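Everything on this sheet refers to the single structure shown next.
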Amino acid sequence: MKYEFHSIEKKWQQVWEENKTNAASNDSDKPKFYGLIEFPYPSGDGLHVGHPRPYTAMDIICRKRRMQGYNVLFPIGYDAFGLPTENYAIKNHVHPKDVTRKNIERFTSQLKMLGFSFDWDRVVDTTDPKYYKWTQWIFLQMFKKGLAYKASMPVNWCTSCKCVLANEEVVNGVCERCGSPVVRKEKSQWMLGITQYAQRLLDDLDDLDYIERVKIQQRNWIGRSTGAEVTFKTTAGDDMLIFTTRPDTMFGATYMVMSPEHALVNKWLEEGKLRNGDAVRAYQAEAARKSDFERTEMAKDKTGVVLEGVSAVNPTTGGEIPIFISDYVLSTYGTGAIMAVPGHDQRDWEFARSFDLPIIEVVQGGDVTKEAFVDKDENARMVNSGFLNGLSVKDAIPTMIRWLTEKGIGEEKVNFKLRDWVFSRQRYWGEPIPIIKCPKCGWVPMDEKDLPLLLPDVKSYEPTDTGESPLAHMTDWVKCTCPKCGGPAEHETDTMPQWAGSSWYFLRYMDPHNDEALAGKDALKYWDRVDWYNGGMEHTTLHLLYSRFWHKFLYDIGVVPTKEPYAKRTSHGMILGLNPRNFDNLDPAEQDRLKAECGGEEGARKHLVQQYGEMADHPIVKMSKSLGNVINPNDIVNLYGADTLRLYIMFIGDFEKAAPWQDTAVKGSKRFLDRVWNLEQKVKPGDSYSRENEASIHRTIRKVSEDIESMKFNTAIAAMMSLVNEFYEKGLNRADYMALLKLMSPFTPHIAEELWEHMGGEGLCCRQAWPEWDERRMTESEKTIAVQVGGKLRATVTIPADADEETMIKAALADEKISRMMEGMELVRTITVKNKLVNLILKPKTLDKA
RNA sequence: GCGGGCAUGGUGAAACUGGCAAACACGCUGGUCUUAGGAGCCAGUGCUUCGGCUUGUGGGUUCGAGUCCCACUGCCCGCACCA
């Protein structure tokens, strides 16, 4: 009989669906396990081969947990609000709701085709009003606690999406999504006070089982730094507040810099205190016009304008020092103003050089005429620093902070890079913000009873150049009455960002049909935290951080019983594709043609780079539609079946690392399944492991069990392949075969189920107890050990397992090659490692016996 | 610039706390069966002047180093004027 994967896979998918084999129970005596993968955005392109990698991995873990006797929650849903759907709707004049529904249907059928053991009764969809009712509800709670607030500030404005972006969505000064330039725009926005949670988001990382690089990246993003906040007096009468991490260097502050947007600059301009007001205004205008990208590009050349007419007083020296504005000082970090210490800060040094400002050395150890000495070397000594002279940097910092505190002009201060989260978007396809603007009462939260605030059906979803949401044109929808005073009022027309719905979705899975709460108390208590969450590194400072923040807030208001949402976080590498424009990937005929044309291989490579750009130099690149190297999972399933796809994608390489898809290699996985299928012909009767295979089976069970836990799926599969190779060599019985099927079941569930049935196995294979290994049955009776002479391998000998040192050495010396080497030598030392090796240290025999 | 990671055959990759480098696959070569084979099966496959030599380069520690230490080179990722 042939391995007819199409019918087999369909058959078992149907069985699992009808029997709800993979449904989780909210009431069970078994221990619970909650495994989570990041729910997909249902794009119009359908599932990509990148999707099944993390899904299959977590599916394997969850299937194993079920076999180990756990009550497993392994849910799936759709993060369906978002721009691509909206843009598609605009272009094709269809409702985003309809686009979303179609895309979800497509994704669902593709996911089912791959045999993932999701609990299909718990699917969530962030665009479902029953779902986003609770997204809005959480927002209201944040509003009530003052954590959601409206603020006017310079925001990142994507010129193409016509929409504001969070800092996390701006990459290298361009929009993360569309790559268009991002500019600064002063706008009134809803903000979420994530910075109030900065310290806790940082501290609580310590106790979490996250892979280290995730922790490191979150810590860097939160960016905690300690120093001092100091007040400098100015000749205008106003005080200037600055933040510094190097209060020890204050004697070296020879000038001050404010960001061009700083409020004091505008105040002084208005008061006419600046003699060069025009120049200052011109610089401000120029800075505002620059995009983020230009700002970073200009990084090397420091520009600025001195404020004529006002100066500051360095409190340590009492000397007057000039004040500049420059865009190298950010308005959004610290206080938006700094004391400049050119001797010990490279940026200040460069600025001082271009403006010919004095550079004073206050910490010994460098040469400040050549470059700033920025080393925070604890043992370096202070100079030119009054009462700090002679102290080490380590002692100077607290001494200065004490001095500032006593004088009442400064104090110790902690600052974070993390900034509050810009939470409104001027788009249609998102959750409406449930806040009403009343001319009398200001911003008024909607009554919880009136949630969800539904998205209205509009005719046009086009964003506007004025920066208003498409909802603003819906006068019928916008007009409402104020819940507080009953007077005429208006709905907020901005919507929430895509990150809103995903910030709490894992809680909804616990109790997805609850109409009374985002999830019932019992369900929240029972499922506790997500035990294992696997997702992409690209979400580390976005979704992962955001959802930790929301969860902590929900904990604070008593909604959830846990401080952290995810106990364990792992991450997968991307699936890459071959670059069809790279020389190595061209077919040989084309290579030859190009070589002939361009004068050799080097010329051909250069030609390709000229034609396609730098990218042509890389043989392996991200899959992209424009390159035409995208692999569609449907094609693979049609050709080889879902089990082969699952197996290959797990066998492809280290799970944490990026790996290139190789079409030809897929066949190897199919071949393995064919071999397993054909092995059935060789199965002899027997209800316990055959003697010849027993040790290998136990070893394989251990290897597969342990490798799944550490996500080393590739070596787990290699171990199963080896076992199958052994079965072919040595033969096998029914018990041997069924052990293999149980091990394979999490990886390739359909074929395992089918062959289990052939074997007359009771019940479903995926419902069997996970096989156990016994160390005592794993060892062979004989071992082949290495014999080294002076650390170099010279021979191998076979000895009984667990032989003692003496036996090992004797066996080693008995070897023909070794005994030849012993001639004229004497043994000075031996090193033995049990069951592994003998190392003999020889030296020439001294002829003289005396 | 700062932070993190990686470097092993023609390719994807293995190698537990230092202990037989290249497991398991892909590809390739030869054979076999076949009307045929882009199917299956069998054998071979790091290099080699057959002494040996091999884990990006150069040092070190050790009886012994892919693994540990130091220096360097090259790639990848994240952040990036964060005071």
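Condition first: within 14 Å of RNA strand B (Cβ to nearest atom), under 22 Å from residue A:410 (Cβ atoms) and not β-branched (Val, Ile, Thr). Now tell me which residues in segment A:314-344 satisfy that.
The first filter runs over segment A:314-344 and keeps only residues within 14 Å of RNA strand B (Cβ to nearest atom), leaving A:324-344.
The next check asks that each one be under 22 Å from residue A:410 (Cβ atoms); those that pass are A:324, A:329-344.
Result: A:324, A:330, A:331, A:333, A:334, A:336, A:337, A:339, A:340, A:342, A:343, A:344.
Among the listed residues A:177, A:106, which satisfies the condition of being of a type outside the set (A, V, I, L, M, F, W, C) and closer than 21 Å to residue A:462 by Cβ? Don't jump to the end; show me each part of the working.
Details: A:106 fails: closer than 21 Å to residue A:462 by Cβ.
Of the residues listed, the single one that is of a type outside the set (A, V, I, L, M, F, W, C) and closer than 21 Å to residue A:462 by Cβ is A:177.
If I ask for residues that are within 12 Å of RNA strand B (Cβ to nearest atom) and either on the phi > 0 side of the Ramachandran plot or touching an Asp or Glu at 6+ places or on another chain (Cβ under 9 Å) (or both), which ones from segment A:539-548 would you list?
Of all residues in segment A:539-548, those within 12 Å of RNA strand B (Cβ to nearest atom) come to A:539-542, A:545.
Selection gives A:539, A:541, A:542, A:545.
Identify all residues within segment A:600-622 that are free of Cβ contacts under 8 Å to residues at least 24 places away in the same chain and crowded, with 17+ Cβ neighbours inside 10 Å; write none if there are none.
Selection gives A:604, A:605, A:607.
Scan segment A:202-212 and give yes if some residue there is within 10 Å of RNA strand B (Cβ to nearest atom) and either touching an Asp or Glu at 6+ places or on another chain (Cβ under 7 Å) or under 30 Å from residue A:655 (Cβ atoms) (or both), otherwise no.
Filtering segment A:202-212 down to residues within 10 Å of RNA strand B (Cβ to nearest atom) leaves A:211-212.
So of that shortlist, the ones also either touching an Asp or Glu at 6+ places or on another chain (Cβ under 7 Å) or under 30 Å from residue A:655 (Cβ atoms) (or both) come out as A:211-212.
Yes: one or more hits.
Tell me, which residue of segment A:332-384 that is aliphatic (A, V, I, L, M) and under 30 Å from residue A:422 (Cα atoms) is surrounded by the most Cβ atoms within 10 Å (Cβ to Cβ)?
Pass one, segment A:332-384, residues aliphatic (A, V, I, L, M): A:337-341, A:352, A:357, A:359-360, A:362-363, A:368, A:372, A:374, A:380, A:382-383.
Now restrict to residues that are under 30 Å from residue A:422 (Cα atoms): A:337-339.
Details: A:337: 23, A:338: 25, A:339: 27.
Filtering segment A:332-384 for residues that are aliphatic (A, V, I, L, M) and under 30 Å from residue A:422 (Cα atoms), the one surrounded by the most Cβ atoms within 10 Å (Cβ to Cβ) comes out as A:339.
Kindly indicate which of A:240, A:250 is within 11 Å of RNA strand B (Cβ to nearest atom), at pLDDT 95 or above and closer than 30 Å to residue A:352 by Cβ.
Numbers: A:240 fails: within 11 Å of RNA strand B (Cβ to nearest atom).
Testing whether each residue is within 11 Å of RNA strand B (Cβ to nearest atom), at pLDDT 95 or above and closer than 30 Å to residue A:352 by Cβ leaves just A:250.
Is segment A:655-674 home to any residue that is away from RNA strand B (no atom under 14 Å from the Cβ) and at pLDDT 95 or above? Show your work before the answer.
Kept after step one, since they are away from RNA strand B (no atom under 14 Å from the Cβ), are these residues of segment A:655-674: none.
Looking for residues that are away from RNA strand B (no atom under 14 Å from the Cβ) and at pLDDT 95 or above, one finds none in segment A:655-674, hence no.
Pairs, please: C-beta under 8 Å, at least 6 apart or cross-chain, first residue farther than 18 Å from residue A:9 by Cα and in contact (Cβ under 8 Å) with a residue 24 or more places away in the chain and in segment A:757-771, second assigned to a loop (DSSP other than H, G, I, E, B) and not hydroxyl-bearing (Ser, Thr, Tyr)?
Hits for this filter: A:768/A:761; A:769/A:68; A:769/A:69; A:770/A:68.
If a residue has to be touching a strand residue (DSSP E or B) at 6+ places or on another chain (Cβ under 9 Å) and farther than 26 Å from residue A:754 by Cα to count, how many in segment A:654-689 make the cut? Give the derivation first.
Here is the first cut: in segment A:654-689, the residues touching a strand residue (DSSP E or B) at 6+ places or on another chain (Cβ under 9 Å) are A:655-656, A:658-663, A:679, A:682-689.
If we keep only those that are farther than 26 Å from residue A:754 by Cα too, we end up with A:655-656, A:658-663.
Number of matching residues: 8.
Output the residue which, of all residues in segment A:785-799 that are surrounded by 12 or more Cβ atoms within 10 Å (Cβ to Cβ) and of a type outside the set (Gly, Ala, Ser), is nearest to residue A:817 (Cα to Cα).
Ranking the qualifying residues of segment A:785-799, first place goes to A:794.
When you look at residue A:311, is it surrounded by fewer than 23 Cβ atoms within 10 Å (Cβ to Cβ), more than 15 Å from RNA strand B (Cβ to nearest atom) and either more than 15 Å from residue A:241 (Cβ to Cβ) or free of Cβ contacts under 8 Å to residues at least 12 places away in the same chain (or both), yes or no? Walk me through it before giving the result.
Values: surrounded by fewer than 23 Cβ atoms within 10 Å (Cβ to Cβ): yes; more than 15 Å from RNA strand B (Cβ to nearest atom): yes; either more than 15 Å from residue A:241 (Cβ to Cβ) or free of Cβ contacts under 8 Å to residues at least 12 places away in the same chain (or both): yes.
Yes.
Can you tell me how many residues within segment A:388-409 are among the hydroxyl-bearing types (Ser, Thr, Tyr) and outside any helix (DSSP H, G or I)?
Our first condition is that a residue be among the hydroxyl-bearing types (Ser, Thr, Tyr); within segment A:388-409, this holds for A:392, A:399, A:405.
Now narrow it down to the ones that are outside any helix (DSSP H, G or I): A:392.
Count: 1.
Is there any pair with a first residue in segment A:704-717 that is over 22 Å from residue A:210 (Cβ atoms) and a second that is within 10 Å of RNA strand B (Cβ to nearest atom) and assigned to a loop (DSSP other than H, G, I, E, B) whose Cβ atoms are under 8 Å apart and which are 6 or more apart or on different chains, and what are they?
That search, which allows pairs on different chains as well, returns A:714/A:652; A:714/A:653; A:714/A:654; A:714/A:655.
Could you pull out the residue among A:88, A:55, A:70 that is surrounded by 19 or more Cβ atoms within 10 Å (Cβ to Cβ) and either within 28 Å of residue A:132 (Cα to Cα) or in contact with a Cys (Cβ under 7 Å, 6 or more places away or on another chain) (or both)?
That would be A:55, the only listed residue that is surrounded by 19 or more Cβ atoms within 10 Å (Cβ to Cβ) and either within 28 Å of residue A:132 (Cα to Cα) or in contact with a Cys (Cβ under 7 Å, 6 or more places away or on another chain) (or both).
Could you please let me know if residue A:229 is of a type in the set (Asp, Glu) and assigned to a strand (DSSP E or B)?
yes
Give the number of residues within segment A:612-669 that are among the hydroxyl-bearing types (Ser, Thr, Tyr) and part of a loop (DSSP other than H, G, I, E, B). Working first, answer last.
Let us first name the residues in segment A:612-669 that are among the hydroxyl-bearing types (Ser, Thr, Tyr), namely A:612, A:624, A:626, A:640, A:644, A:648, A:664, A:669.
From what's left, part of a loop (DSSP other than H, G, I, E, B): A:624, A:626.
Of the residues in segment A:612-669, 2 are among the hydroxyl-bearing types (Ser, Thr, Tyr) and part of a loop (DSSP other than H, G, I, E, B).
Residue-wise test of (1) in contact with a Pro (Cβ under 7 Å, 6 or more places away or on another chain); (2) among the small types (Gly, Ala, Ser); (3) more than 20 Å from residue A:498 (Cβ to Cβ).
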site: A:418; (1), (2), (3): no, no, no
site: A:421; (1), (2), (3): no, no, no
site: A:466; (1), (2), (3): no, no, yes
site: A:470; (1), (2), (3): yes, no, no
site: A:486; (1), (2), (3): no, yes, yes
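Please find, within segment A:152-186, the residue that is surrounded by the fewest Cβ atoms within 10 Å (Cβ to Cβ) out of those that are free of Cβ contacts under 8 Å to residues at least 40 places away in the same chain and of a type in the set (Asp, Glu).
Only one residue fits best here, namely A:186.
What about residue A:236, is it aliphatic (A, V, I, L, M) and part of a loop (DSSP other than H, G, I, E, B)?
Considered against the rule, which asks whether it is aliphatic (A, V, I, L, M) and part of a loop (DSSP other than H, G, I, E, B), residue A:236 comes out as yes.
If residue A:81 meets every condition in (1) crowded, with 23+ Cβ neighbours inside 10 Å; (2) under 14 Å from residue A:111 (Cα atoms) apart from one, which number is that one?
(2)
State the number of residues belonging to segment A:111-126 that are out of contact with any Lys or Arg (no Cβ under 7 Å at 6 or more places or on another chain) and of a type in the set (Ser, Thr, Tyr).
Selection size over segment A:111-126: 1.
Residues to consider are A:196, A:217, A:189; find the one that is of a type in the set (S, T, N, Q) and crowded, with 18+ Cβ neighbours inside 10 Å.
Details: A:196 fails: crowded, with 18+ Cβ neighbours inside 10 Å; A:217 fails: crowded, with 18+ Cβ neighbours inside 10 Å.
Matching residue, one of A:196, A:217, A:189: A:189.
Can you find even one residue in segment A:489-511 that is surrounded by fewer than 18 Cβ atoms within 10 Å (Cβ to Cβ) and either of a type in the set (Val, Ile, Thr) or in a loop (DSSP other than H, G, I, E, B) (or both)?
The answer is no, given that none of the residues of segment A:489-511 is surrounded by fewer than 18 Cβ atoms within 10 Å (Cβ to Cβ) and either of a type in the set (Val, Ile, Thr) or in a loop (DSSP other than H, G, I, E, B) (or both).
Would you kindly identify the helices (runs of 4 or more DSSP H) lying entirely within segment A:735-850 that contain at least 3 residues that are within 12 Å of RNA strand B (Cβ to nearest atom)?
Values: elements: A:749-758, A:805-814, A:816-822.
Qualifying helices (runs of 4 or more DSSP H): A:816-822.
Would you point out the residue of segment A:680-734, among those that are of a type in the set (A, V, I, L, M) and outside any helix (DSSP H, G or I), that is farthest from RNA strand B (Cβ to nearest atom)?
The initial filter retains those residues of segment A:680-734 that are of a type in the set (A, V, I, L, M), namely A:683, A:695, A:697, A:701, A:704, A:708, A:711, A:716-721, A:723-724, A:732.
Imposing the further condition that a residue be outside any helix (DSSP H, G or I) reduces the set to A:683, A:711, A:732.
Working: A:683: 16, A:711: 10, A:732: 14 Å.
It comes out as A:683.
Could you grab me the full set of residues in segment A:217-267 that are more than 35 Å from the chain's Cα centre (by Cα) and over 21 Å from residue A:328 (Cβ atoms)?
A:231, A:233, A:235, A:236, A:237, A:238, A:239, A:248, A:251, A:267
Looking only at helices (runs of 4 or more DSSP H) that lie completely in segment A:35-131, which have at least 1 residues being under 27 Å from residue A:160 (Cα atoms)? If you could, list the steps in order and put the result at the bottom.
Numbers: elements: A:52-67, A:83-92, A:96-113.
The helices (runs of 4 or more DSSP H) meeting that bar are A:83-92, A:96-113.
Of the residues that make up segment A:566-573, is at least one in a helix (DSSP H, G or I) and surrounded by fewer than 23 Cβ atoms within 10 Å (Cβ to Cβ)? First the steps, then the outcome.
In the first step, residues of segment A:566-573 are kept if they are in a helix (DSSP H, G or I); the result is none.
No, because not a single residue in segment A:566-573 is in a helix (DSSP H, G or I) and surrounded by fewer than 23 Cβ atoms within 10 Å (Cβ to Cβ).
The values are calculated or read from the model by the stated rules, or taken from the named source; none is laboratory data. These figures come from a predicted structure and were not determined experimentally. With ideal geometry, Cβ positions are generated from the backbone for all residues, glycine too; neighbour counts draw on all protein chains shown.
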